[in-house]
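This report refers to the structure that appears directly beneath it.
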Amino acid sequence: MIYRGSCHCEAVVFEVEAPERVVCQDCNCSICSKSGFLHLIVPKSRFRLLTGEENLAVYTFNTGVAKHLFCKTCGIKPFYIPRSNPDGYDVNVRCLTPQPKELVVEPFDGRNWEAHAHRLAHLSRQA
């Protein structure tokens, strides 16, 4: 299924291919828990930015590997390039339209990221 996603003001719009039944991760690290990001990690080939590349600002911290992308206008982070999966995109399920018919939310212990990040690596590989 093709989902359309955007930031709040819709200056940044994208498409992502994912199943009707979406399994996502709810990370408890500081940035994810404060922003309410629900993670859907996909290979780069299943993501397409439609508009708004010039409206994206990049935020990095700690190792600087993850590229957190925010809309310069409304401040929403609809997707980013994660440190765990630099070969993919991590899409915020809350930014998708329509919302998945079935959403399975799995907890992810991002507070202890170094010990658990390897559990995400398979998500950006082509199936």
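The values are calculated or read from the model by the stated rules, or taken from the named source; none is laboratory data. This structure is a prediction, so every number in the text was calculated from the model and none was measured. A quick note on method: Cβ atoms are made from the backbone with ideal geometry, for glycine too, and the neighbour counts reach across all protein chains shown.
Take segment 81-105 and flag every residue that is farther than 16 Å from Glu17 by Cβ, at pLDDT below 95 and of a type outside the set (Val, Ile, Thr).
Pro82, Arg83, Ser84, Pro86, listed by residue number.
Keeping to segment 70-85, report how many residues are of a type in the set (A, V, I, L, M, F, W, C) and surrounded by 22 or more Cβ atoms within 10 Å (Cβ to Cβ).
Result for segment 70-85: 1.
Quick check: anything in segment 48-66 modelled with pLDDT of 95 or more and within 12 Å of the chain's Cα centre (by Cα)?
no
Do you know which residues across segment 1-38 are touching a residue at least 40 places away in the same chain (Cβ under 8 Å), part of a loop (DSSP other than H, G, I, E, B) and in contact with a Cys (Cβ under 9 Å, 6 or more places away or on another chain)?
The answer is Cys7, His8, Cys9, Ala11, Val12, Phe37.
Given Ser45, Ser33, which one is among the hydroxyl-bearing types (Ser, Thr, Tyr) and at pLDDT below 95?
Ser33
Could you pull out the residue among Ala57, Ala18 that is touching a strand residue (DSSP E or B) at 6+ places or on another chain (Cβ under 9 Å), of a type in the set (Gly, Ala, Ser) and within 16 Å of Gly88 (Cα to Cα)?
Ala18
Considering each of Ile81, Ile41 in turn, give the residue that is touching a Leu at 6+ places or on another chain (Cβ under 8 Å), closer than 21 Å to Gln126 by Cβ and touching a residue at least 40 places away in the same chain (Cβ under 8 Å).
Just a single option satisfies the conditions, and that option is Ile41.
Tally time: how many residues in segment 29-50 are charged (D, E, K, R) and surrounded by 14 or more Cβ atoms within 10 Å (Cβ to Cβ)?
The qualifying residues number 2.
Considering only residues that are surrounded by 12 or more Cβ atoms within 10 Å (Cβ to Cβ) and among the small types (Gly, Ala, Ser), look in segment 108-118 and name the one that is nearest to Ile41 (Cα to Cα).
Per the stated criteria, the residue is Ala117.
Please find, within segment 51-68, the residue that is surrounded by the most Cβ atoms within 10 Å (Cβ to Cβ) out of those that are in a strand (DSSP E or B) and without any contact (Cβ under 8 Å) to a residue 40 or more places away in the chain.
Among them, the one singled out is His68.
Check Thr97 against each of (1) hydroxyl-bearing (Ser, Thr, Tyr); (2) farther than 22 Å from Ala11 by Cα; (3) in contact (Cβ under 8 Å) with a residue 60 or more places away in the chain and name the one condition it does not meet.
Every condition holds for Thr97 apart from (2).
I'd like the full set of residues that are more than 14 Å from the chain's Cα centre (by Cα) and either part of a loop (DSSP other than H, G, I, E, B) or buried (at least 21 other Cβ atoms within 10 Å of the Cβ) (or both), limited to segment 86-107.
Passing the criteria: Pro98, Gln99, Pro100, Lys101.
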